[in-house]
1. Using 26 Å as the Cα-Cα cut-off, could you pick out the over-long pairs in LYS10/LYS160; LYS10/LYS144; LYS102/LYS161; LYS97/LYS159?
2. I need the GluC sites (Glu not before Pro) found in region 89-189, filtered to DSSP loop residues with at most 15 other beta carbons within 10 Å of theirs.
3. Considering every Cα-Cα pair within region 138-180, what fraction, in whole percent, is farther apart than 13 Å?
4. Please report, largest first and rounded to whole Å, the three semi-axes of the ellipsoid equivalent to region 95-184, where each semi-axis is the square root of five times an eigenvalue of the C-alpha gyration tensor.
5. So for VAL113, VAL9, fewest C-beta neighbours within 10 Å to most, what's the order?
6. With only Lys, Arg, Asp and Glu charged, each at its Cβ (+1 for the first two, -1 for the last two), find how big the charge dipole of region 95-184 is about the Cα centre; round to the nearest 20 debye.
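Since every read-out is calculated from the coordinates, none of them should be taken as a lab result. In this text, all values refer to a predicted model and were calculated from it rather than measured experimentally. Neighbour counts run over all protein chains shown; Cβ positions are idealised from the backbone, glycine included.
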Amino acid sequence: MNNEKRARVKISINEGLIELEGSEEFVEKYLIEFKNKLSFPSHMPTLNNHQPSAQVVQQKKDSANKVSAVRPAKSKGKNIEPEEFEINNNSDDSLAKFMESKNPGENAWNRIVVVGYYITHKLQKANFTEGNVEFAYKALSLNKRPLHLRQAFIDMKNKKKWLEELSDGGWTLSRLGEIYVEDQMLPKS
C-alpha cells in the first residue's frame, strides 16, 4: 500500500469552486499555479503555511491523482440599461393587459417572448432589445428576472429557436416564436 499523503483542497471564491485531490505534491503544484493567477484575501488559510486553501482534508483512499472540478466563478450579471418603449399603447392594448392575456406565468423565456411580440407586432417596431425587456421587468414590477439576461436571449435563440439576433445587436422573433405566442400561449380558463 502506498504511504503517500493524500490531500484534497476546495477553494470557493464566491462559489466559483476549484477542487483538487491527489498527493500533497500534486495539490501543492496546482495551488501555486492558481495562486499566481488569482488574488486571494490575506486572511485565507494556507497549506503548509504558504498556499491558499479553504479546506485541506487528508485522504486515506488510494484514488488516482485528479482535478475533479474546475468551474468558472459565478459573476454578477451584466448591468443592462433599461430602454423605454410605449407600454400603454392605448388603455385596451397595454403591455400589462397583453401579458395578462398571454399568461406567461413567472417563466422568464415566456415573458421575454411576449414582450418581444408586443414590441414587434403591437407597436410595429422592427426589433427589440435586452434593454426593452429590462424596462418591461421594471415597469411592470415583474419578479424572477434572469440574472444573465443576455444569456437568456442566446439560450432562447439556440434552444427554442424563438429569437433571431440582428447585426445591430437587436432581436426579433423567429416564426417559431411568433407561432408560440399566437397559438400556444393561451390564457388560463
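1. Over 26 Å Cα-Cα: LYS10/LYS160; LYS10/LYS144; LYS97/LYS159.
2. Working: sites: GLU100, GLU106, GLU130, GLU134, GLU164, GLU165, GLU178, GLU182; in loops: GLU106.
In loop regions of region 89-189 (DSSP not H, G, I, E or B), the sparsely surrounded GluC sites (Glu not before Pro) are GLU106.
3. Working: 543 of 903 pairs.
The answer is 60 percent, as a whole percent.
4. On the way: eigenvalues 57, 45, 35 Å².
Its equivalent ellipsoid spans semi-axes of 17, 15, 13 Å.
5. Values: VAL113 26, VAL9 23.
Starting with the residue having the fewest Cβ neighbours, the order is VAL9, VAL113.
6. Numbers: 14 positive and 11 negative charges, 32 e Å.
It works out to roughly 160 debye.
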